[in-house]
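Single-structure report; data block below.
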Amino acid sequence: MNQEGTGELAMNRHRSWQDRMTSGIAIAMTMAIVIGLLAIPVASIFFEAFREGWTVFARSLVDPAAISAIQLTLLVVAIAVPLNTIFGVAAAVALTRYEFRGKTILGSIIDLPFAVSPVISGLIFVLLFGSQGWLGPIVGKLGFQIIFAIPGIVLATIFVTVPFVARELIPLMQEQGSEEELAAISLGATGWQTFWRITLPKIRWGLFYGVALCTARALGEFGAVSVVSGHIRGKTTTMPLHVEILYNEYNIPAAFAMASLLAVAGLASLVVKEFLHHRMMRQRQQDAIQLPGS
Amino acid sequence: MTIELRQIHKHYQQFAALDGIDLKIRDGQLTALLGPSGSGKTTLLRVIAGLEFPDSNPGSALLFDGRDVAASESAKRQIGFVFQHYALFKHMTVADNIAFGLRVKPRRERPSEGQIKSRVDELLSLIQLAGFGNRYPSQLSGGQRQRVALARALAVTPRFLLLDEPFGALDAKVRQGLRTWLRQLHEELQMTTILVTHDQEEALEVADTVVIMNRGRIVQEGTPEEVFHRPVNHFVMDFLGRVNVFRGRMDGDQAQLLGNLEAPKPSHEQIPLFVRPHDLEVDRQPGDSGLPATIQRIGQGGNFARIYVELPDGGQATAELPWSRFHELGLQRGERVYLRARAAQVFSPDALPADYQI
């Protein structure tokens, strides 16, 4: 951080007019994009939501279909985020602490949801569990419905948000190394004790950060969920899907009211994320101080 | 506790990190495993600790007080292990670090919180850090952290202590102080201790027994005096301090220096002579059989003057003179002097690498 600071100062002092022009253009372009494509649209969500006044805003949110969408979204988040947290920690521990066959392949497969389009992620589940799918008939016989029902939405959301926690933890744990864990084991701690008392506290800020990212994505996931949901109003619509339905019905104030809730959630997660990122960097600096020679 | 290793091998793919180690460590002794990096000393320590497992060979055994522990896991071996980079738990206070080994014991064996607290206080004063219990590791100096790591290892009353380059990351002054302190602590506790180091001074000063390793094998084992004054081969001599190699002859007890080892050697009567810098006498007078040399540079060796000389046939040598002797002679750079060996080591040809064969 310090080095970057002095670097900037040095640049300011010795800048020629070309440098100044280049940096001027870069700054102007960034500002234009941030304001034109991010700030104004986000502000307009709130503007549109409240355009017809508070009462319309409030009424559109207490509509049964809206309440059902909010509840469903919270339910999906409540299932997907804890599961992905557990999975992410397990995957990070496995990939950074142990040697096993297929380790590299596992490492790249975790990233798969980042690489494929969410629509395809949704389609995978339709192909698997839909009535024409491979496992569809079996699931149907057992009396379950996955596609066009809540289980499908949960599965699709889990699939899309799998990498967030693991991807945050793997580099962190690689950097931290495992000497403290070895020390704990040499002091007689079991693997379980070592995990809870040493590993988990060491990674906690990175873990919270990953969970925040995962939550934000789970709340707002549209593509994959849209494919598996079936859009049954009041039953299988999550908040993003409900926004789309309202919008297609030209119910603009209600659509924006719901969108403004999602935007608030997004902005809140941004703040939390920044805070956690800051904590993580601070911990990393403290850890660095403890290393010899630095 | 006694520790005995028989025919311990450890391979990483083709590479033999440990190549047939036989070693007995007597009860209450402080043993130093000394060697260059890659010599296998740390691997050996980790095998003893149970952090690495040796290859399973017939005839190999790892015995603690006569019982084979080769298959038992680290936690069962009751060892105190101190890591080079301390490996303190950064998110815990010093007191919690020290108490860790006691708190993770199964409920039946776990002391009460009151007992733990008094044990922690006892250890804090043993490491001269009483009153530091509430600090975090990041608030301590390197030397203090290493003492905390030692206290943490001692808290569980281990059967023996393993120290992996414990002072390697500290600066010279702190290291000196900790060395003396460690030796005093050892006198007090009388606990069997194995210390891994690549610092020959540390090993010679602190240990009762020095085990010198190279390429996964034990090269020599003995008291500091034995290994320093009677090295079994050129490697040990070279590793334990600076050494000059000359072409020469032994006339009874008297070593006669004839020149550089690489220069042409007409007579087969000549052998390589290994001479420590402090055994190399420098004089203005040729006397009988002084080897002529020219002073190239005069360096600071701390408590002595270090004289770099060039031999007439192009070889180099280093002599160490007490400052009093140096001033008495009034030596100057570029001067012609004469070298004589007060003592020299001779090794049988099979203890020498090929480039020293004449």
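The values are calculated or read from the model by the stated rules, or taken from the named source; none is laboratory data. Computed from a predicted structure; not experimentally measured. With ideal geometry, Cβ positions are generated from the backbone for all residues, glycine too; neighbour counts draw on all protein chains shown.
Yes/no matrix, rows are residues, columns are (1) touching a strand residue (DSSP E or B) at 6+ places or on another chain (Cβ under 7 Å); (2) among the hydrophobic types (A, V, I, L, M, F, W, C); (3) surrounded by fewer than 17 Cβ atoms within 10 Å (Cβ to Cβ):
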site: B:HIS234; (1), (2), (3): yes, no, no
site: B:MET237; (1), (2), (3): yes, yes, no
site: B:ALA255; (1), (2), (3): yes, yes, no
site: B:LEU261; (1), (2), (3): yes, yes, no
site: B:PRO286; (1), (2), (3): yes, no, yes
Checklist outcome for this item: Of the listed residues (A:ALA115, A:ALA80, A:ALA92, A:ALA32), the one being of a type in the set (Gly, Ala, Ser), modelled with pLDDT of 90 or more and surrounded by fewer than 17 Cβ atoms within 10 Å (Cβ to Cβ) is A:ALA32
Checklist entry - Across region A:87-126, which residue is nearest to the chain's Cα centre (by Cα) among those that are within 17 Å of A:GLU168 (Cα to Cα) and of a type in the set (Gly, Ala, Ser)? => result A:GLY88
Item to check | Every pair of residues 6+ apart whose Cβ atoms lie under 8 Å, when the first sits in region A:188-213 and is on the phi > 0 side of the Ramachandran plot while the second is assigned to a helix (DSSP H, G or I) | outcome: A:GLY188/B:ALA75; A:GLY188/B:GLY101
Item to check | Residues of region B:268-304 that turn out to be farther than 14 Å from B:ALA255 by Cα, within 25 Å of the chain's Cα centre (by Cα) and not in a helix (DSSP H, G or I), as a count | outcome: 5
Next on the checklist: Here's a check for you: in region B:208-241, which residue that is more than 24 Å from B:ALA343 (Cβ to Cβ) and of a type in the set (A, V, I, L, M, F, W, C) is nearest to the chain's Cα centre (by Cα)?
Outcome noted: B:VAL211
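Counting only residues that are in contact with a Ser or Thr (Cβ under 8 Å, 6 or more places away or on another chain) and crowded, with 24+ Cβ neighbours inside 10 Å, how many does region A:143-164 have? Even if it seems obvious, please write down each step before you answer.
First pass over region A:143-164, keeping only residues in contact with a Ser or Thr (Cβ under 8 Å, 6 or more places away or on another chain): A:147-150, A:152-153, A:156, A:159-160.
So of that shortlist, the ones also crowded, with 24+ Cβ neighbours inside 10 Å come out as A:147, A:152-153, A:156, A:160.
The total comes to 5.
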Item to check | Pairs with Cβ under 9 Å, 6+ apart, first in region B:53-78 and closer than 23 Å to B:LEU154 by Cβ, second among the polar types (S, T, N, Q) and not in a loop (DSSP other than H, G, I, E, B) | outcome: B:SER74/A:SER186; B:ALA75/A:SER186; B:ARG77/A:SER186
Next on the checklist: Taking the condition of being more than 11 Å from chain A (Cβ to nearest Cβ) and part of a loop (DSSP other than H, G, I, E, B), how many residues in region B:94-109 meet it?
Outcome noted: 2
Checklist outcome for this item: Restricting region B:73-93 to residues that are within 7 Å of chain A (Cβ to nearest Cβ) and in a loop (DSSP other than H, G, I, E, B), the one surrounded by the most Cβ atoms within 10 Å (Cβ to Cβ) turns out to be B:ALA87
Checklist entry - When A:PHE57 is evaluated against the numbered criteria (1) farther than 21 Å from A:VAL225 by Cβ; (2) assigned to a loop (DSSP other than H, G, I, E, B); (3) of a type in the set (Phe, Trp, Tyr), which criterion, by number, is the only one it fails? => result (2)
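Of all the helices (runs of 4 or more DSSP H) wholly in region A:179-294, which have at least 1 residues that are more than 21 Å from the chain's Cα centre (by Cα) and either of a type outside the set (A, V, I, L, M) or surrounded by fewer than 22 Cβ atoms within 10 Å (Cβ to Cβ) (or both)?
A:179-186, A:191-194, A:200-220, A:239-248, A:252-290
Having 3 or more residues that are under 24 Å from B:ALA49 (Cβ atoms) and within 14 Å of chain A (Cβ to nearest Cβ) is the bar; report the helices (runs of 4 or more DSSP H) wholly within region B:118-227 that clear it.
The helices (runs of 4 or more DSSP H) meeting that bar are B:142-155.
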Next on the checklist: So B:TRP323 ticks every box in (1) at pLDDT 90 or above; (2) of a type in the set (A, V, I, L, M, F, W, C); (3) buried (at least 18 other Cβ atoms within 10 Å of the Cβ) but one. Which box is left unticked?
Outcome noted: (3)
Checklist outcome for this item: Considering region A:80-111, residues that are free of Cβ contacts under 8 Å to residues at least 12 places away in the same chain and of a type in the set (A, V, I, L, M, F, W, C), and then whichever is farthest from A:PHE222 (Cα to Cα), we arrive at A:PHE100
Item to check | Which numbered condition A:GLY223 misses (of (1) under 30 Å from A:PRO151 (Cα atoms); (2) within 14 Å of chain B (Cβ to nearest Cβ)) | outcome: (2)
Checklist entry - If you check A:ILE109 against the conditions, is it surrounded by 18 or more Cβ atoms within 10 Å (Cβ to Cβ) and part of a helix (DSSP H, G or I)? => result no
Next on the checklist: Quick check on region B:13-23. Is at least one of its residues out of contact with any Gly (no Cβ under 8 Å at 6 or more places or on another chain), surrounded by fewer than 21 Cβ atoms within 10 Å (Cβ to Cβ) and within 14 Å of chain A (Cβ to nearest Cβ)?
Outcome noted: yes
